[in-house]
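The values are calculated or read from the model by the stated rules, or taken from the named source; none is laboratory data. From a predicted model like this one, the values you see are computed outputs, not experimental measurements. All Cβ positions, glycine included, derive from the backbone under ideal geometry; neighbour counts span all protein chains shown. Just the protein is used for accessible areas: all its heavy atoms, side chains included, with ligands, DNA and RNA removed. Shrake-Rupley method; radii C 1.70, N 1.55, O 1.52, S 1.80 Å.
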Amino acid sequence: MFEKLNPRSAEIIKQSSTVYNLKWKGNIEFLLCSHENGRSGWYYILKNNEQISHTYHYSEINDIFLQKLQKIIDDIESGKYNNKKTPSEKIRLIVEERGLYSLMNNTKWKELISAIKEKIPNIPIKYKTLFEEEAPTNFGTMAGDEYFEYLNMVSIEWFKISCEIKEIKNRGRLIEDKVNIYGKKAEIYEILEKFNIPYEYDEIENAFIIYGYKS
């Protein structure tokens, strides 16, 4: 089906029923992946192995859809994405403009998040990325945050971990709900110490705060 597309000057990295991958000079790529049924899937654009477009989904492949793909290929060919910044470039620019220095790295973030998921997955958390102007006010959980799994951890400015898990039990309309509070300060402290994670303690919110960046 992709034989109908003209890759222009791009090198065809892979072309099959489930993958269509083109690469241009300047390390810009177009990648389309299909589900096993071969009829639906997703596609996006990469630069230096980092995604620089949204992930677009499709439900079927037809002539109209192929025309849309050709338009994307032609846009890449014309240089539309040459100056588009990668996430790493955007982060570096913000860090330089604000005079920040890094306190964490990918390895430490991975160790921290993996340990939390394994030992205290329901612990309340909240975080602010470099791209957000306002800080979030409420705690949530990793499981309840649909974007967390796709978050670039290097973009996190700070990350707070509450020391308490609150469990609310509804006892009916006429009886006040029962609130059980489970302290997890020792477990969090153990994780932070084990992986040498730099932290501060927020007494007001009873939470550990891990800074990705500081000024």
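Summary of computed values
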item: Theoretical gain in end-to-end length, residue 25 to residue 209 [0.36 nm per residue, Cα-Cα removed]; result: 62.0 nm
item: Cα convex hull of the range 1-83, projected area averaged across orientations, nm²; result: 5.0 nm²
item: Karplus (6.51, -1.76, 1.60) ³J(HN,Hα), θ = phi - 60°, over the range 144-155, in Hz, Gly and Pro reported as x; result: x, 9, 5, 9, 4, 4, 9, 6, 7, 4, 5, 8
item: Between 0 and 90°, nearest 10: helix 106-119 axis offset from the chain longest Cα axis; result: 60 degrees
item: For the range 156-209 and the range 69-107, distance of Cα centres in Å; result: 35 Å
item: Correct choice for semi-axes √(5λ) of the Cα gyration tensor in Å that was computed from the model, options (i) 32, 19, 13; (ii) 43, 24, 14; (iii) 24, 22, 15; result: (ii)
item: Where the range 78-215 is the region considered: accessible area per residue in Å², 1.4 Å probe; result: 66 Å²
item: Cross-link partners of residue 119 among lysines (Cα-Cα below 18 Å; sequence separation of 8 or more within a chain); result: 108, 110, 160, 166, 184, 185, 194
item: The chain: calculated mean residue ellipticity at 222 nm from DSSP helix runs of at least 4, using -39500 (n - 2.57); result: -7500 deg cm²/dmol
item: Between 0 and 90°, nearest 10: helix 185-194 axis offset from the chain longest Cα axis; result: 50 degrees
item: Relative contact order of the chain, pairs being alpha-carbon contacts under 8 Å that are 6 or more residues apart, as %; result: 15 percent
item: Cα-projected label distance for residue 141 with residue 94, points at 7 Å along beta-carbon direction, nm; result: 2.7 nm
item: Residues residue 149 and residue 6, FRET efficiency given R0 of 30 Å [Cβ-Cβ distance, rounded to 0.05]; result: 0.25
item: Selection from 120, 32, 57 lying farthest towards where the dipole of the range 1-123 points positive, charges on Cβ; result: 120
item: Whichever aspartates and glutamates have a C-alpha closer than 16 Å to that of residue 4, once near sequence neighbours (fewer than 8 apart) are set aside; result: 60, 63, 74
item: 5 angstrom amide H check on residue 157, placed H, neighbours 5+ away; result: 128, 129, 130
